[in-house]
Each structure stands twice: as C-alpha cells, then as structure tokens.
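As structure tokens, the structure follows; a few thoughts come after it.
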Amino acid sequence: VNPKTFGTINQTICQGTSFLFNGINRTVSGTYLDTLVNAKGCDSFLTLNLTVNPKTFATINQTICQGNSFLVNGINRTVSGPYLETLVNAKGCDSILTLNLTVNPKTFGSFSQTICEGSSFLFNGVNRSVSGTYLDTLVNAKGCDSILTLNLIVNPKTFGTINQTICQ
C-alpha cells in the first residue's frame, strides 16, 4: 500500500501581488488546499498558508522657509508641492509616503532715513550716525526671515559767516 503524502507551503506576499497556487493567483491571506498525484500514483495533499502583508500609507504636512530644505527619501526638497515617495515598511512591503511641502517666502523691505550730523538713528540695536546702507534680519508673520534695509543719509551741519555793518 503506497501512502498518501502531505506538504505545506508557508508563503508571505505583499498587498498588490499574488501567489499562483492550484492554477489560481491568490491575493488574500488564508489557507488553501490542492490535491496532486505523488510519484507513486497516490494522492498528495498540499496546503498553502498564505499571508498578505499590507501596504502602509502616511502623510507628512511640512512647512519650511525659503532657502531651507526638507530631506525625505534621500532627496532635499526646496519647492512647495505634493510629493509621493515609495519606501519599504517593516514587513518588506511598499510604504507610500505623501509629503505636502509648503515653502514660505522670505520678505524684504527697505526705507530711507535722513538725519542731521551729530544725531543718530537706532537700527538693529545700534545708534547709527554715518551715512550708509544697513541690514537687519527679523522674523516675518510666517516665521521666516524678513530682511530690512536702511538707507541712512546724514546731512552735514552747515556753517556760515555773516559780516554785518550797522550804524550807531
């Protein structure tokens, strides 16, 4: 009497792929049976234990300032927009990462100030008394750099002589 034979296949796949068993592409976790004929012409029962690991999904909403970058998947991103990255999760399957990147701009402003020689103008914590262009970096409403330029003009003192003759 020839014996029946039994076999088991333990298989793990990722969501979105399939495993061909008993002529059918299997895509759902479960236990599947197939009856074959062994080398001695008797039944051979084959059991498939199929595990389908899921894809994972994540979203990152990130805001940076102009001139900075955000590193994701080895790429420094510097432009606003949505980005899709495919990574590998802990189970070896796809991990789809959506990055929604917002790049807030730097702002710029300038003004001119005129003072008289001997006076000063407080700018960037310093009393300025020499004509020139001065810069200060502040923080704008979006938390980014705001570059402020002062064009300071110092007018010189003027001196004059009056020669006056009067009568007694």
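The values are calculated or read from the model by the stated rules, or taken from the named source; none is laboratory data. Note that the structure is predicted; figures quoted are calculated from it, not measured. With ideal geometry, Cβ positions are generated from the backbone for all residues, glycine too; neighbour counts draw on all protein chains shown. Heads up: the accessible areas ignore ligands, DNA and RNA and are worked out on the full protein's heavy atoms, side chains in. Shrake-Rupley method; radii C 1.70, N 1.55, O 1.52, S 1.80 Å.
Taking the stretch 86-104 as the region of interest, how many residues are assigned to a loop (DSSP other than H, G, I, E, B) and in contact (Cβ under 8 Å) with a residue 40 or more places away in the chain? Before you say what the answer is, go through the steps one by one.
So in the stretch 86-104, the residues assigned to a loop (DSSP other than H, G, I, E, B) come out as 89-93.
Retained after the next criterion (residues that are in contact (Cβ under 8 Å) with a residue 40 or more places away in the chain): 91-93.
Qualifying residue count, the stretch 86-104: 3.
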**Request:** Enumerate the pairs (first residue in the stretch 107-119 and among the aromatic types (F, W, Y); second residue anywhere and loosely packed, with under 10 Cβ neighbours inside 10 Å and in a strand (DSSP E or B)) with beta-carbon separation below 7 Å, excluding pairs fewer than 6 apart on the same chain, so at least 6 apart or on different chains.
**Result:** none
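Look at T63 and say whether it is assigned to a strand (DSSP E or B), exposed (fewer than 14 other Cβ atoms within 10 Å of the Cβ) and at negative phi.
no
Residue-wise test of (1) among the aliphatic types (A, V, I, L, M); (2) surrounded by 14 or more Cβ atoms within 10 Å (Cβ to Cβ).
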{"residue": "P3", "(1), (2)": "no, no"}
{"residue": "R26", "(1), (2)": "no, yes"}
{"residue": "G41", "(1), (2)": "no, no"}
{"residue": "S44", "(1), (2)": "no, yes"}
{"residue": "L50", "(1), (2)": "yes, yes"}
{"residue": "G74", "(1), (2)": "no, no"}
{"residue": "V88", "(1), (2)": "yes, no"}
{"residue": "G92", "(1), (2)": "no, no"}
{"residue": "T102", "(1), (2)": "no, no"}
**Request:** Just give me the residues in the stretch 113-126 being of a type outside the set (V, I, T), over 15 Å from P156 (Cα atoms) and open to solvent by 60 Å² or more (accessible area, probe 1.4 Å), in sequence order.
**Result:** L122, N124, G125
**Request:** May I ask you to list pairs of residues, at least six apart or on different chains, whose Cβ atoms are under 9 Å apart, with the first in the stretch 144-168 being without any contact (Cβ under 8 Å) to a residue 60 or more places away in the chain and the second being surrounded by 13 or more Cβ atoms within 10 Å (Cβ to Cβ) and basic (K, R)?
**Result:** S146/K106; I147/K106; L150/R128; L152/R128; V154/R128
**Request:** Can you tell me which residue among S69, S129 is without any contact (Cβ under 8 Å) to a residue 12 or more places away in the chain and open to solvent by less than 70 Å² (accessible area, probe 1.4 Å)?
**Result:** S69
